[in-house]
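**Q** Sharing a structure, written as structure tokens. Questions coming.
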Amino acid sequence: MPRESTTLPEYWDTYKPYREEGEQPTPDVETFAWTQYDGHGPGEEFLGSPRTALELGCAEGKEAVYLARTGVEVTAVDFSAAQVARARRWWEGTSRLTFVQAEACAYLADTDAMYDAVFSIWGAVWFTDPDALIPLILERVNPGGTLAFSQAEPIEGHYGAQAMYGNGLAGRKLTLLRWSYAPEWWADLLKRTGFVDIDARVLPAPNPEDVGTLMVRASAPR
């Protein structure tokens, strides 16, 4: 059955729907994953050693929970009220973890909080205009802190804001945008914004014929 979301928040409310009977059980949290392949790529060390962290587009919140359990003070933000409500239900009582329902740019513009690390795993950095988002992130990263994010590798020669039908080709019209660029473009944007020590690359899939993962990390100047 095609999806019938009428707004972007509604679309994200049903992201990664549960297809089994009954209420979705709380997932296990055993690893910190950046890529779409189990056991592939770096873990939490890609963030450095933050004391505080902000996740943009946390969805079910597994990576935020993982970090909090290691002693990091984590704020996890998602655009979807349903995703945040589910995460709060699953992880209620987890120390050092706060879930916030907000659009990424709005949260960054409104908060006074500063973070040692800001990260996004196939999340808000992929689905938000980077020209608007990246400068706001820099304002909220402590000197020497880290911005790190991952998403699908870009299709060569097809860069920029890419539109797709959020409800599929047989559903109600809902335009969803994601921003896809080569590593060199990200490195240039981050440098122009003021980030330093920039590492932007594509991590190949375990099978080189499969889709790889764009991995980007940069530091705020000291």
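The values are calculated or read from the model by the stated rules, or taken from the named source; none is laboratory data. From a predicted model like this one, the values you see are computed outputs, not experimental measurements. All Cβ positions, even for glycine, are placed from backbone atoms using ideal geometry, and neighbour counts span all protein chains on display. The area values use the complete protein model at the heavy-atom level, side chains included, leaving out ligands, DNA and RNA. Shrake-Rupley method; radii C 1.70, N 1.55, O 1.52, S 1.80 Å.
**Q** Determine the share of segment 93-188's accessible area contributed by carbon and sulfur atoms, expressed in whole percent, with a 1.4 angstrom probe.
**A** Carbon and sulfur atoms account for 51 percent of the accessible area of segment 93-188.
**Q** State to the nearest 20 debye the size of the charge dipole of segment 98-208 about its Cα centre, where the only charges are +1 on K and R beta carbons and -1 on D and E beta carbons.
**A** Roughly 400 debye, rounded to the nearest 20.
**Q** Given R₀ = 25 Å, what would the calculated FRET efficiency be for VAL100 paired with VAL202, taking r from the Cβ atoms and rounding to 0.05?
**A** Numbers: r = 31 Å, r/R0 = 1.24.
That pair, VAL100 with VAL202, gives E of 0.20.
**Q** So for segment 105-222: antiparallel DSSP bridges make up what percent, rounded to the nearest 5?
**A** Of all bridge pairs located within segment 105-222, approximately 75 percent are antiparallel.
**Q** Rounded to the nearest 5, what % of the DSSP beta bridges within segment 39-188 are antiparallel ones?
**A** 25
**Q** Further, regarding this structure: Pop out the ³J(HN,Hα) list for segment 196-203 in order, Karplus 6.51 cos²θ - 1.76 cosθ + 1.60 with θ = phi - 60°, rounded to Hz; leave Gly and Pro as x.
**A** Along segment 196-203, the couplings run 10, 6, 8, 10, 10, 7, 9, 8 Hz.
**Q** A follow-up question, please. How big is the dipole moment of segment 1-152 about its Cα centre under a simple scheme where the beta carbon of each Lys and Arg is +1, that of each Asp and Glu is -1, and everything else is neutral? Debye, nearest 20, please.
**A** 180
**Q** If each of GLU21 and THR7 carries a label point 7 Å out from its Cα toward its Cβ, how far apart are those two points in nm?
**A** Here the modelled spin labels are 3.5 nm apart.
**Q** In addition: For segment 171-204 and segment 19-81, what is the centre-to-centre distance using only Cα atoms, to the nearest Å?
**A** One Cα centre to the other: 21 Å.
**Q** Sticking with this one: Once you keep just the Cα pairs under 8 angstrom separated by 6 or more residues, what percentage relative contact order results for the chain?
**A** 20 percent.
**Q** Further question: How would you classify the chain from its alpha-carbon gyration tensor, with a ≥ b ≥ c the square roots of the eigenvalues: rounded for a/c under 1.5, else prolate if a/b is greater than b/c, otherwise oblate? Show your work: numbers first, answer last.
**A** Details: a/c = 1.39, a/b = 1.11, b/c = 1.25.
In terms of gyration-tensor shape, rounded.
**Q** If one puts a single equal scatterer on every Cα of segment 35-165 and applies the Debye formula without solvent, what log₁₀ I(q)/I(0) results at q = 0.16, 0.21 Å⁻¹?
**A** -0.81, -1.37
**Q** With θ taken as phi - 60° and the coefficients 6.51, -1.76 and 1.60, list the Karplus ³J(HN,Hα) couplings across segment 209-222 in order, rounded to whole Hz; mark glycine and proline as x.
**A** So the J values, rounded to whole Hz, are 7, 8, 5, x, 10, 6, 10, 10, 9, 8, 10, 6, x, 7.
**Q** Given Cα pairs under 8 Å that are at least 6 residues apart, what percent is the relative contact order of segment 104-170? It would help to have the intermediate numbers written out before the result.
**A** Details: 56 pairs, mean separation 26.6, N = 67.
Once normalised by length, the contact order is 40 percent.
**Q** Now for a different question. Leaving out ligands, DNA and RNA but keeping every protein chain, what accessible area does PHE195 have, in Å² rounded to the nearest 10, with a 1.4 Å probe?
**A** Accessible surface of PHE195 is approximately 10 Å².
**Q** With the Cα gyration tensor of segment 31-80 giving a ≥ b ≥ c as the square roots of its eigenvalues, does the rule (a/c under 1.5 for rounded; else a/b larger than b/c for prolate; else oblate) give rounded, prolate or oblate?
**A** Oblate, because a/c is 1.5 or more while a/b does not exceed b/c.
**Q** Taking the solvent-accessible surface of protein heavy atoms with a 1.4 Å probe, what is the per residue accessible area of the chain in Å²?
**A** Spelled out: the 1.4 Å probe surface of the chain, per residue, equals 51 Å².
**Q** Would you pull out the residues with amide H under 5 Å of VAL141's amide H, same chain only if 5 or more places away, H placed 1.01 Å from N?
**A** Residues meeting the criterion, in which the H sits 1.01 Å from N, are TYR115.
**Q** Can you bin segment 97-222 into rounded, prolate or oblate? Criterion: square roots of the alpha carbon gyration tensor eigenvalues sorted a ≥ b ≥ c, rounded for a/c under 1.5, prolate for a/b above b/c, oblate for the rest.
**A** oblate
**Q** Further question: Can you give the convex hull volume of the alpha carbon atoms of segment 46-114 per residue, in Å³?
**A** 83
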